[in-house]
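Data block below; observations after.
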Amino acid sequence: MEIVLLLLRQSLIMFVYLLIGYFLYKKKLVSKQGSADMGRMLLYVIMPVAILKSYIRDFSTELLEGLAVSFVLALLSLILAVVVSRLLFKKEEGVERFGAAFSNAGFIGIPLVQMALGTEAVFYVASFVAILNILQWTYGILVMTGDRSVISPRKICTNPIVISFLAGLLLFFAPITLPEMLTDIIGTLSSMNGPVAMIVLGVYLGQVPLKSLFTDRLVYKCAAVRLLLIPALTIVLMLAAPSTYQIIKLTVLIAAAAPVGSNVAIFAQLYDQDYTRAVKEVCLSTLLCIVTLPVVVGVANMLF
């Protein structure tokens with residue numbers, strides 16, 4: 001029950017950040033271009049630093065075992081999400097296939113895990129975020145465009161999340177001690193992840209008439225699959241893992257139960273898909289996850 005209340009509290013705090021972004025846009029204090037710039041700052045600086053920070057710890061076989069378990073659970077849960085989204089949405093509904101399959105594990109999952117389960121748990125969610133990004137830049141582009149030629153191995157290798165994940169592993173395995181000033185900078189930047197991410201999503205929300213969020217059945221369907229069906233099936237999947245890995249299972253579940261990832265809007269705009277509907281799916285699922293995520297994690301905590 002404690003983790004449910006903690007998650008609910010953190011969800012409400014993040015909702016306040018979202019409202020700040022919404023009103024900043026409505027008052028014309030932040031523009032679409034400004035939110036795009038903030039999004040790039042998140043992608044290229046803040047989120048990679050947050051992942052890097054989670055690996056600044058002393059090596060131990062216990063942590064290594066947990067890392068391996070989190071990697072396997074993350075991979076299986078993402079494969080499950082891809083299969084479910086593929087079965088429930090038509091080929092021409094590429095935006096929904098992408099949105100339902102890939103959660104906002106980086107912008108929302110990481111800060112919620114950090115706030116609810118502690119910094120150590122971010123160590124385990126980093127695997128999920130890294131695999132998620134690889135799948136987005138391969139399978140995600142494929143379902144969005146239907147064109148295999150646009151998949152670029154170079155983009156995967158130069159992805160800031162993947163780079164920070166690999167750099168973090170190097171720090172974890174190698175006996176490297178970073179200067180105190182550098183760790184302080186890393187800590188400060190990583191703490192910006194949650195607030196800045198939600199402010200950006202608030203700006204997205206400000207670009208869409210609120211009434212239109214609740215009138216599109218396909219948007220509702222995508223949100224239901226992302227927030228309820230996939231997390232429920234992920235819980236069933238994780239029941240097979242030993243109860244000794246409860247924290248790891250809850251960490252991966254929070255990432256898997258996060259709302260539609262904001263990248264769906266970015267990719268939709270980039271590849272001439274329905275950008276407006278993509279933004280609606282991001283915003284509606286983000287609003288609804290304030291209720292669904294604590295409930296899903298509460299049920300899982302009892303079962304695990």
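The values are calculated or read from the model by the stated rules, or taken from the named source; none is laboratory data. Please read these numbers as outputs of a predicted model, since none were measured by experiment. Every residue, glycine as well, gets a Cβ built from its backbone with ideal geometry; the counts of neighbours run over all protein chains shown. Note: areas computed on protein heavy atoms with side chains; ligands, DNA, RNA excluded. Shrake-Rupley method; radii C 1.70, N 1.55, O 1.52, S 1.80 Å.
A few points about this structure:
- Test: residue in segment 217-230 that is open to solvent by 20 Å² or more (accessible area, probe 1.4 Å) and assigned to a loop (DSSP other than H, G, I, E, B): no
- Filter result (surrounded by 22 or more Cβ atoms within 10 Å (Cβ to Cβ) and either aromatic (Phe, Trp, Tyr) or part of a loop (DSSP other than H, G, I, E, B) (or both)) within segment 259-304: Pro259, Gly261, Ser262, Phe267
- Ser85 satisfies every condition listed in (1) out of contact with any Leu (no Cβ under 8 Å at 6 or more places or on another chain); (2) under 18 Å from Glu281 (Cα atoms); (3) part of a helix (DSSP H, G or I); (4) open to solvent by 10 Å² or more (accessible area, probe 1.4 Å) except (4).
- Some residue of segment 243-258 being over 19 Å from Phe128 (Cα atoms), in contact (Cβ under 8 Å) with a residue 12 or more places away in the chain and not polar (S, T, N, Q): no
- If the condition is being open to solvent by 70 Å² or more (accessible area, probe 1.4 Å) and either part of a helix (DSSP H, G or I) or in contact with an Asp or Glu (Cβ under 9 Å, 6 or more places away or on another chain) (or both), then segment 9-48 contributes Arg9, Leu12, Val16, Ile20, Phe23, Lys26, Lys32, Gln33, Asp37, Arg40, Met41, Tyr44.
- Candidates Ala116, Ala130, filtered to the one that is open to solvent by less than 40 Å² (accessible area, probe 1.4 Å) and either closer than 30 Å to Thr276 by Cα or in contact with a strand residue (DSSP E or B) (Cβ under 9 Å, 6 or more places away or on another chain) (or both): Ala130
- If the condition is being open to solvent by less than 10 Å² (accessible area, probe 1.4 Å), modelled with pLDDT of 90 or more and not small (Gly, Ala, Ser), then segment 96-111 contributes Glu96, Phe98, Phe102.
- Count - residues of segment 231-247 that are open to solvent by 10 Å² or more (accessible area, probe 1.4 Å) and either hydroxyl-bearing (Ser, Thr, Tyr) or part of a helix (DSSP H, G or I) (or both): 10
- Which listed residue, of Val82, Val72, is in contact (Cβ under 8 Å) with a residue 24 or more places away in the chain and within 30 Å of Thr138 (Cα to Cα): Val82
- Filter pass, Val162 being out of contact with any His (no Cβ under 7 Å at 6 or more places or on another chain) and either open to solvent by 80 Å² or more (accessible area, probe 1.4 Å) or not in a loop (DSSP other than H, G, I, E, B) (or both): yes
- Among the conditions (1) under 20 Å from Ile110 (Cα atoms); (2) in a helix (DSSP H, G or I); (3) at pLDDT below 90; (4) open to solvent by 40 Å² or more (accessible area, probe 1.4 Å), Val4 misses just one, which is (4).
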